[in-house]
Amino acid sequence: MNCSYLTTGRSGMTRIVVGAWRDDKSGPIQVVSGPLGKERVQYKAPAAERLDPEMNAFLDWFNGGEDIDLVLRAGLAHLWFVTIHPFDDGHGRIARAIADMMLARSEDSPQRFYSMSAQIRLDRKAYYDILERTQKAPDLDVTPWLDWFLQCLDRAIGGAEETLSNVLFKAEFWKQHEGETFNDRQRDMTNRLLDGFDGKLTSSKYATIEKWSPDTTLRDINDLLRRGILRREAAGGRSTSYLLRE
């Protein structure tokens, strides 16, 4: 997996070992943050000579039948792997893939409509904060980490449900209007509204986006109003805006 993610053998401008445990020839692995001259060490990984026993213990646990809920195992597996830090680079991507793999096992289904990996990337600042606090905790208490992981999972599922709801709404809309005539401009703008138009749709925005004259734009909009596809917002006036009629 490390080879798959790091095909060039480099991390930035630095040549790294790929497909094998790190050897620490350039010094111990440290996760460092902060501006140049004010760097601080967030985490120092175990020494290279400890990698074989550490990874053997991790893999035995990961593939074993220990009686722990698989969702919790996903969170623990992510934390454990990224804490061992066995490679020169690519740990975050691999740890996210490991968590997704365990979550897939927990569902026992070939289909999954959310991505924990994508949600962690969206929440990356909070992710690094909780990771640092957990790895530096003197009592090695993983409860705060698991609490954050489960909340992140909840956001991932919620986001997927919202996306799926929007997809189904869009499909139902076009099913209801099957056979009706939409010119290319109307179809494009209707799809933009169905996908979540940024801001309010006005005739001037319509004309700018579709690159047509104001007169043609008004004919398009009036046609959609007449057919009950659009409705005017209550404010009206010179900046009249339009919404899809639900």
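Bear in mind these aren't lab numbers, they're just calculated from the coordinates by the rules spelled out. No experiment lies behind these values; they were computed from the predicted model shown. So basically every Cβ, Gly included, is an ideal-geometry build from the backbone, and we count neighbours across all protein chains shown.
Starting from the Kirkwood radius over alpha-carbon pairs of the range 147-246, derive D by Stokes-Einstein at 25 °C in a medium of 0.890 mPa s and give it in µm² s⁻¹. This corresponds to a translational diffusion coefficient of 161 µm²/s. By the Kirkwood approach, averaging reciprocal distances over each pair of separate Cα atoms, the range 55-133 gets a hydrodynamic radius of 13.2 Å.
Could you name the aspartates and glutamates whose alpha carbon sits less than 14 Å from that of K200, not counting residues in the same chain fewer than 8 places away? Partners within reach: E233.
Computed over the Cα atoms of the range 128-195, the ratio of the radius of gyration to the Kirkwood radius (Rg/Rh) comes to 1.39. Over the range 125-166, the Kirkwood radius and the radius of gyration, each from Cα atoms, give a ratio Rg/Rh of 1.18.
In a DSSP loop and with at most 13 other Cβ atoms within 10 Å, the GluC sites (Glu not before Pro) in the range 135-199 are E178, E180.
Considering only L146, L230, L76, the mean-square fluctuation computed in a Gaussian network model of the chain, springs between alpha carbons under 10 angstrom, is largest for L230.
Could you work out, for the chain, what percent of all Cα-Cα pairs fall into each 5 Å distance bin, beginning at 0 Å and stopping at the bin that holds the largest distance? Over the chain, the share of Cα pairs per 5 Å bin runs 1, 5, 10, 12, 12, 10, 8, 7, 7, 8, 8, 6, 4, 2, 0 percent. The gain in end-to-end length when the R192 to R227 segment is fully stretched comes to 10.8 nm, 0.36 nm per residue minus the alpha carbon separation. Annotation: amide H-H contacts under 5 Å for L201 (H modelled 1.01 Å from N, sequence separation of 5 or more, or interchain): Y242. Identify which of R73, R219, R93 has the largest mean-square fluctuation in a Gaussian network model of the chain, with springs joining Cα atoms closer than 10 Å. Checking each option, the largest mean-square fluctuation is seen for R219. Between Y128, Y114, Y206, the residue with the greatest mean-square fluctuation in the GNM of the chain (Cα pairs under 10 Å linked by springs) is Y206.
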